[in-house]
Amino acid sequence: MTMPPPIRKLVLAVHLSCSVGWLGAVVAYLVLDLTVASSADPVLVRASWLAMGMVVSSAIVPLAFASLLTGLVMSVGTKWGLLRHWWVLISLMLTIVATLVLLSESGLVTRIAAIVANPATSDGEVIGFPPTLLHSVGGLVVLLVVQILNVYKPQGMTPYGWRKQQEERRRHELRTAEAR
């Protein structure tokens with residue numbers, strides 16, 4: 001069950017836009033996170049946390065879900081299949097893990113953003129929140145690995161994919177033999 005070319009191209013364009021957007025939003029978040037980690041200026045740190053909260057809730061989380069959903073549609077609706085090739089399966093697993101970690105981390109970021117948004121929060125408290133560098137750098141690395149897998153598409157079929165390929169070959173050979 002493959003998508004007709006115009007639909008496949010549309011879904012691919014949406015998927016690429018969401019995936020690259022997710023990657024870009026993570027880079028923007030990382031810049032803000034580095035500011036939190038390196039600055040002693042409470043005004044700058046407060047602004048960075050507020051921006052991090054907005055980037056997470058308004059860009060990263062929606063783009064992550066859109067990327068996951070469109071990736072599933074692409075894999076199911078193309079010759080690659082969801083479970084046929086290792087690179088597709090690994091990309092899917094990494095995307096799911098990244099999204100789950102993102103969801104848990106986004107709660108923390110939005111809570112800190114709400115705390116620092118309160119004018120009653122002291123400068124010492126604002127500076128005291130630890131950055132989320134492990135998650136932002138880790139997320140960026142995972143997204144880059146997924147991107148590399150999707151560009152290079154390394155060879156290797158899963159056992160399921162191998163069986164399906166053999167079944168398709170046998171069906172094709174039978175059809176060819178019957179046509180003679």
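Values quoted throughout were computed directly from the atomic coordinates according to the rules given, and no laboratory measurement underlies them. Note that the structure is predicted; figures quoted are calculated from it, not measured. No Cβ is skipped: glycine too gets one built from the backbone with ideal geometry, and neighbour counts run over all protein chains shown.
Averaging the sequence gap over all C-alpha pairs within less than 8 Å and six or more residues apart, then dividing by the number of residues, gives region 59-180 a relative contact order of 39 percent.
Estimated purely from DSSP H runs of n ≥ 4, each contributing -39500 (n - 2.57), the mean residue ellipticity at 222 nm for the chain is -27500 deg cm²/dmol once divided by its residues. Between Val27 and Leu134, the distance separating the two model label sites (each 7 Å from Cα on the Cα→Cβ line) works out to 2.6 nm.
Please work out how much length the chain gains when fully extended from Gln166 to Trp86, using 0.36 nm per residue of separation minus the C-alpha to C-alpha distance, in nm with one decimal.
Details: separation 80, 0.36 × 80 = 28.80 nm, distance 1.68 nm.
That pair, Gln166 and Trp86, stretches by 27.1 nm at full extension.
Net length available on complete extension from Ala120 to Ser57 is 20.3 nm, with 0.36 nm assigned per residue and the Cα-Cα distance removed. For the residues Glu167, Glu125, Glu105, a GNM of the chain with alpha-carbon springs under 10 Å puts the largest fluctuation on Glu167. Extending 7 Å from Cα along the Cβ direction at Leu144 and again at Leu100 yields two label points whose distance is 2.4 nm.
Sorted by average packing, counted as other Cβ atoms within 10 angstrom per residue and highest first, what order do 151-158, 13-20, 112-119 take? Walk me through the numbers before you get to the answer.
Details: 151-158: 11.5, 13-20: 16.5, 112-119: 14.9.
Highest mean packing first, the order is 13-20, 112-119, 151-158.
Go through (1) 47; (2) 52; (3) 57 and flag the label whose value is the computed percent of Cα pairs over 23 Å apart for this structure. Of the labelled values, this structure produces (2). Against the main long axis of the alpha-carbon atoms of the chain, helix 86-117 sits at an angle near 20°.
Only four residue types carry charge here, +1 at the Cβ of Lys and Arg and -1 at the Cβ of Asp and Glu. Report the dipole size of the chain about the Cα centre in Debye, rounded to the nearest 20.
The calculation lands at about 1280 debye.
Here the calculated FRET efficiency for Lys153 and Arg111, from their Cβ-Cβ distance with R0 = 41 Å, stands at 0.55, rounded to the nearest 0.05.
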